[in-house]
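The values are calculated or read from the model by the stated rules, or taken from the named source; none is laboratory data. This structure is a prediction, so every number in the text was calculated from the model and none was measured. Virtual Cβ from ideal backbone geometry, glycine too; neighbours counted across all protein chains shown. Note: accessible area is taken over every heavy atom of the protein model, side chains too, but ligands, DNA and RNA are not part of it. Shrake-Rupley method; radii C 1.70, N 1.55, O 1.52, S 1.80 Å.
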Amino acid sequence: MNEIGALLGSGKEADVHVYGDHALKLYKSPGVKAPTFREAANLAVVERLGLPAPHVYAAGRHDGRWGIVMDRAPGASFGSRIKAEGLQPVLAEMVQLQLRLHAVPGTGLASLKDRLTANIRKTPEIGSALRETLLRQLAARREQDRVCHGDFHPWNIHGAGDQAIILDWLDACCGDPLADACRSYLLMLHAMPEAAHIYLEIYAGQSGHPAGEILAWLPLVAAARLTEGVDRERDQLLLLAASGSA
């Protein structure tokens, strides 16, 4: 058993520490057990698919918290690289990575439509009429089977070129790539709107899908995100969710 080493990074849900030659992702809440094993299982699936993700070695308790032992990410995040290299080249590289995921069947991952449905159902802020409208729209969408990361943004990708690794696979699903692209757009929209719009333009150009097809998912993805406790985005998310009733 290795000692928990220096802090490598910290997010809303977890901290990542040096752990011998590996990294240890520790969820902040001591009671967070199910997400630990869900992310470990997702990492095992994407490892089998040959996707650029850390290999997972163990899941268990460490110093009173649940965590995952995995490969340590190489290099700087794409978010840091943007500051040095500019938006266009780094976001183009990011889109190429995402399209690599979207080309692969996500057998073994949870359904993206099921995940969105569950989250929209437990979003009280949007009201019952809008909720039912959005759920009908979601149910009408064709089921697809591509790998969708669910949290794909510049700070969850490290390294460059062939050495790039995608982190944070807790929300990985199997579904429509355009929903995953829309989620990436939404994740960037509040904090860095210019990057969000450039990303959307690049993804549309490289995927061959018009931006309008991607943004058609926006009311559904925004309504589902309201369950994530992102208070600073609440007003914007409510407006985007309400646009689904138009």
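Observations on the structure shown:
- Rounded to the nearest whole Hz, the Karplus-based 3J(HN,Hα) values (6.51 cos²θ - 1.76 cosθ + 1.60, θ = phi - 60°) of region 212-226 follow the sequence x, 5, 5, 6, 4, 7, 4, x, 5, 5, 5, 4, 5, 5, 4, with x at glycine and proline.
- Inter-site label distance for Val18 and Val32 at 7 Å from Cα along Cβ, in nm: 2.3 nm
- Shown for region 117-246: the carbon plus sulfur share of the solvent-accessible area, taken with all protein chains present and a 1.4 angstrom probe, equals 52%.
- Spatially, region 76-142 and region 1-74 are offset by 22 Å when compared through their Cα centroids.
- Taking 0.36 nm per residue of separation and subtracting the Cα-Cα distance, full extension of the segment from Arg48 to Glu125 would add 23.8 nm.
- Based on protein heavy atoms only, the chain ends up with 46 Å² per residue of surface accessible to a 1.4 Å probe.
- Of the residues Ile165, Ala139, Pro219, the one whose Cα sits farthest toward the positive end of the charge dipole of the chain, with +1 on the Cβ of Lys and Arg and -1 on the Cβ of Asp and Glu, is Ala139.
- Modelled spin-label separation between Ser10 and Thr117, with each label point placed 7 Å from Cα along the Cα-to-Cβ direction: 3.9 nm.
- Compared with the direct C-alpha span, the chain from Glu85 to His55 gains 8.0 nm at full extension, assuming 0.36 nm per residue.
- Contact order normalised by residue count of the chain, Cα under 8 Å, 6+ apart, percent: 18 percent
- Cα gyration tensor shape for region 95-187, rounded if a/c is under 1.5, else prolate or oblate: prolate
- Computed from backbone phi with θ = phi - 60° and the Karplus coefficients 6.51, -1.76 and 1.60, the 3J(HN,Hα) list for region 106-118 is x, 4, x, 9, 5, 6, 5, 4, 5, 5, 4, 4, 4 Hz; x is used for glycine and proline.
- Cα long-axis angle, helix 87-102 against the chain (0 to 90 degrees, to the nearest 10): 90 degrees
- On full extension, the segment bounded by Asn2 and Leu99 gains 31.3 nm, given 0.36 nm per residue less the C-alpha separation.
- Residue-averaged 222 nm ellipticity for the chain, from DSSP H runs of 4+ at -39500 (n - 2.57), nearest 500: -14000 deg cm²/dmol
- Amide H contacts of Leu8 (H built 1.01 Å from N, in plane; Pro and chain starts excluded): Val16, His17, Val18 sit under 5 Å, all sequence-distant by 5 or more or on other chains.
- Within straight-line cross-link reach of Lys33, lysines at Cα separation under 23 Å, skipping those fewer than 8 residues along the same chain: Lys12, Lys25, Lys122
- Amide H contacts under 5 Å for Trp66: Tyr27, Val32, restricted to partners 5 or more places along the chain or on a different chain, H placed in the peptide plane at 1.01 Å from N.
- Less than 5 angstrom separates the built amide H of Ser111 from those of Cys174, all sequence-distant by 5 or more or on a different chain.
- Most positive-pole-ward Cα, Cys174, Gln98, Ala58, against dipole of region 51-193 from beta carbon charges: Cys174
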